[in-house]
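Every read-out reported here was derived from the displayed coordinates using simple, explicitly stated rules and does not represent laboratory data. These figures come from a predicted structure and were not determined experimentally. No Cβ is skipped: glycine too gets one built from the backbone with ideal geometry, and neighbour counts run over all protein chains shown.
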Amino acid sequence: MVTGADRHDSTVALRLVDSIPRIRPRRRPLRLKGDKAYDSGRLRRGLRARGIEPLLGRRRRPRRYRRLWPVERTQAWVNQYRRLKVRYERLQSVYQAFLNLACALICYKRAKKRKKKF
């Protein structure tokens, strides 16, 4: 879900979870990982009401990198594409297309890397 740069991600997190398409019998994930920025009571209550365990960092507490490093790592992979790190496109649809392309390239590279191991 693409939002404006002046809008915090945690304000649309529940809408994003609700928009996850049906995959197999389960509609929503079992857990949601996030960093300290997502620490809000409204978000935690909303996730629990949907049957999702919130694995969110707490403010004023040390980070739990064991849980959060996949989130940070994935953001770093996306930020390797400069066109996404600094948004040049005015149209949301164009930006979303580049984001989808970057995610497809990341998945392709990971699959190719795993294939070489075997």
Response to the item:
Among the Cα-Cα pairs of the range 1-61, the proportion with separation greater than 12 Å, in percent, is 69 percent
Worksheet, complete the sentence: Under the Karplus relation with 6.51, -1.76 and 1.60 and θ = phi - 60°, whole-Hz ³J(HN,Hα) for the range 29-43, x at Gly and Pro, equal x, 7, 9, 10, 9, x, 8, 4, 5, 8, 6, 8, x, 4, 5
Fill in: Footprinting exposure proxy for Trp77, Trp69 (fewest neighbouring C-beta atoms within 10 Å first)
Trp69, Trp77
